[in-house]
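Following: one structure in structure tokens, then a few remarks.
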Amino acid sequence: MNGDWLIRGRDGRLSVYLPTDDAVLCRAERGPGSAWTPAHRIGGDQKLLPSPAVGQGRNAYAHLVSWRPTVPGEAGLVHSTHFRPRLAALDWNPIGHPNKKGDRTGTPAVAVDAEGRAHVFVRNGGGGVSMLGQKEKGGWGPWRDLKGREVQEELAAVTGESGRVELYAAVPGGLVYWRQEKAGEQPALEEALEASVRPGTLRALATSPQSTTLFYTDDSGDLCAWRPGGKAVTLLPSAGPGPVSAVRCELDGHDCTLLAQRSASGRVAFAAYPTEQESAGAWWTESGPALPSDATVSLATDEDGRVVAATLSPSTGQLFLTRRKDEPGLALEAWREV
């Protein structure tokens with residue numbers, strides 16, 4: 001999934017989205033902190049293509065977007081809304097193609113603004129980025145070309161604390177950034193940064209009322225943090241090859257950013273530091289069992305504000321979960337399979 005696939009719903013229950021070759025499955029807690037439901041299919045029986053995306057708004061509704069095959073050699077995007085983890089999601093609804101028709105053009109990304117409107121971003125056939133946004137009174141607006149050139153496959157969409165939607169993308173030799181000036185407006189290309197970026201390593205997080213932070217791995221293997229308007233900062237060597245998951249949480253009374261990544265050893269590595277204070281330093285601490293090479297990790301907080309981490313291996317279907325203990329530091333419970 002492009003986005004945080006472990007989320008907390010409106011009712012406080014945690015849920016996870018599990019992509020397969022042709023569907024998105026969901027599992028949810030039966031009650032906060034209790035047993036989990038079996039996996040069930042999201043959005044009906046339509047066949048999907050790999051690499052869906054998920055985004056969540058302040059109302060805790062999840063918005064999912066995926067490609068589906070239409071006619072031979074062509075595909076279209078579909079959207080579903082999931083209001084609560086244990087309720088059925090809406091059926092997949094066609095939302096079109098950035099070039100009107102054609103084959104899949106890239107992995108979509110989703111962000112949801114303060115009014116609960118989903119914004120779908122995807123690379124278009126010309127190598128730039130196109131966006132589709134929900135209208136205030138329902139339905140969707142037109143596809144809009146946000147420009148850009150030679151944009152790489154995966155995008156990182158995020159909603160700032162202001163409720164405005166932002167987007168990051170990697171291009172050869174750098175990063176580009178779009179931002180809404182006002183709610184409901186088309187995001188504008190704001191800034192570019194020269195940087196070496198490993199494909200598929202972007203992760204964005206709202207970190208203050210003014211800023212979002214982009215995490216990425218550079219070609220030397222270092223995990224870097226960038227806030228538009230400033231310079232990129234090297235945080236620490238990446239623990240493994242994939243993207244990090246990131247969440248803001250309170251640790252011992254401090255506003256911290258917690259990062260997690262499957263390490264080169266196969267275990268989950270965690271690192272925390274005071275939010276937007278990269279100069280304070282961070283270091284990895286590994287936890288849990290060794291995981292298959294395709295395993296990913298996602299972070300969230302539960303209804304009590306405790307950090308929760310989950311790992312998922314598509315090849316085995318195994319889902320492991322841990323929570324922070326009620327004690328100082330980042331002490332975690334034993335990992336358990338759910």
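Laboratory data are not the source of any read-out in this text; all were calculated from the coordinates shown. If you're wondering where the values come from, they're calculated on a predicted model, not measured in any experiment. When we count neighbours, we look across all protein chains shown, and the Cβ atoms used for this are built from the backbone with ideal geometry, even at glycine.
Stretched out fully, how many nm does the piece from Thr285 to Asp103 gain, at 0.36 nm a residue minus the Cα gap?
Gain on extension, Thr285 to Asp103, equals 61.3 nm.
I need to check one value: relative contact order of the chain, counting alpha carbon pairs closer than 8 Å and at least 6 residues apart, in percent.
Dividing the mean separation by the residue count of the chain yields 10 percent.
At 0.36 nm per residue, minus the direct Cα-Cα distance, what do Arg144 and Asp218 gain on full extension? Give it in nm, one decimal, please.
23.6 nm
³J(HN,Hα) across region 266-271 via Karplus (A = 6.51, B = -1.76, C = 1.60, θ = phi - 60°), whole Hz, x for Gly/Pro?
Each residue's phi maps through the Karplus curve to give x, 8, 8, 10, 10, 8 Hz.
Sort the following peptides by mean Cβ neighbour count (other Cβ atoms within 10 Å, averaged over residues), highest first: 10-23, 186-199.
Highest to lowest by the protection proxy: 10-23, 186-199.
Would you mind pulling out the separation of the Cα centroids of region 289-338 and region 41-56, in Å?
23 Å
Report the GluC sites (Glu not before Pro) located in region 242-326 that are in a DSSP loop and have at most 14 other Cβ atoms inside 10 Å of their Cβ, or state none.
Sites meeting the loop and neighbour criteria: Glu303.
Given the pairs Lys101/Lys231; Lys231/Lys325; Lys47/Lys100; Lys182/Lys325; Lys47/Lys182, which are separated by over 29 angstrom at their Cα positions?
Lys101/Lys231; Lys231/Lys325; Lys182/Lys325; Lys47/Lys182
Around Ala53, under 14 Å between beta carbons, what's the net of Lys plus Arg minus Asp minus Glu among the other residues?
Value of the local net charge: +1.
Multiply the residue gap between Arg58 and Glu74 by 0.36 nm, knock off their C-alpha separation, and tell me the result in nm, one decimal place.
2.3 nm
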